[in-house]
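Written below as structure tokens is the structure these notes are about.
Each value in this text was obtained by applying a stated rule to the coordinates, not by laboratory testing. The model shown is predicted, which means the values in this text are computed figures rather than measured ones. Quick reminder, even Gly has a Cβ in these numbers, built from the backbone with ideal geometry, and neighbours come from all protein chains shown.
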Amino acid sequence: FEYIVRYNLRRLGGKLSRVKRAAWLHRCCGRGLRRLGIPVHVVGQFPQRGLIVSNHLSYLDILVYSSIAPCVFVSKREVKSWPVFGVMAELAGTVFVDRSRNVDALRVNNEMLEALAADAVVILYAEGTSSNGQQVLPFRPALFEGVVKTGMPITPAHISYKLSDGDAGDDVCYWGDHHFLPHLLRLLRSEEHTSELQSH
């Protein structure tokens, strides 16, 4: 299945803009979260364009943001190798960054600015990695510079999760030495998830 998806991605990739890919992911994620029974509560006004700077807790973050509106994501290169989510990220036009190469920031900045110029909402996880949400990690400022210079709107946002039974820091947040498939199975077995997004 993944081979077929990647083949069609290469074949169609040059024909679909990032904005159109983001719209495709928006439709998929809205249906997906409804079927999983995960409600999304939005506090504040979700922007229609510009950069959103957010904390990062889980691969679920992508589904939550995309269920609200079409979004283009900036993500670490390693996500491409994740089962299911890696393919979805490629299909959605994610801007992948190689954090081991400082010079890659220029390319990523240019691709972010192209998406913003097309009136896309771009999601940047400023901490550069996920956490359990108990503290704020140091920001990686290299990807802010280009957007700040353009005067594009920048919206800070905060995402959080709650479980009726269990610890969201372990069962929802994907961080530290967690392994993807066991974590995903544990997440799917847990009940009554709630996600909340606050934009300021």
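Things worth noting here:
- Packing-based ranking of 146-155, 170-179 yields 170-179, 146-155, ordered from highest to lowest mean Cβ neighbour count within 10 Å.
- The K80 and Q45 beta-carbon pair, evaluated with R₀ = 30 Å, returns a calculated FRET efficiency of approximately 0.40.
- For the listed peptides 158-168, 84-94, a ranking on the average number of other beta carbons within 10 Å per residue, highest first, reads 84-94, 158-168.
- Farthest toward positive dipole pole in the chain [+1 Lys/Arg, -1 Asp/Glu at C-beta], among A142, V95, I68: V95
- Mean residue ellipticity (222 nm) of the chain, computed from DSSP H runs ≥ 4 via -39,500 (n - 2.57), nearest 500: -11500 deg cm²/dmol
- Highest average first, the peptides 97-110, 44-57 ordered by how many other beta carbon atoms sit within 10 Å of their residues are 44-57, 97-110.
- Segment 132-169-segment 82-100 distance, computed between alpha-carbon centres (Å): 18 Å
- Sequence-distant contacts, meaning Cα pairs under 8 Å at least 6 residues apart, place the relative contact order of segment 11-82 at 54 percent.
- Sequence-distant aspartates and glutamates (8 or more away, or on other chains) whose Cα lies within less than 18 Å of K80: E2, D61, E90, D98, D104, E111
- Going through [x] 8, 28, 23, 16, 15, 9, 2, 0; [y] 8, 36, 40, 15, 1; [z] 8, 30, 33, 18, 8, 2, the figure that equals P(r) over Cα pairs in 10 Å bins from 0, in percent as computed for the structure here is [y].
- Short-range pairs are left out: with C-alpha atoms under 8 Å and at least six residues apart, the relative contact order of the chain is 31 percent.
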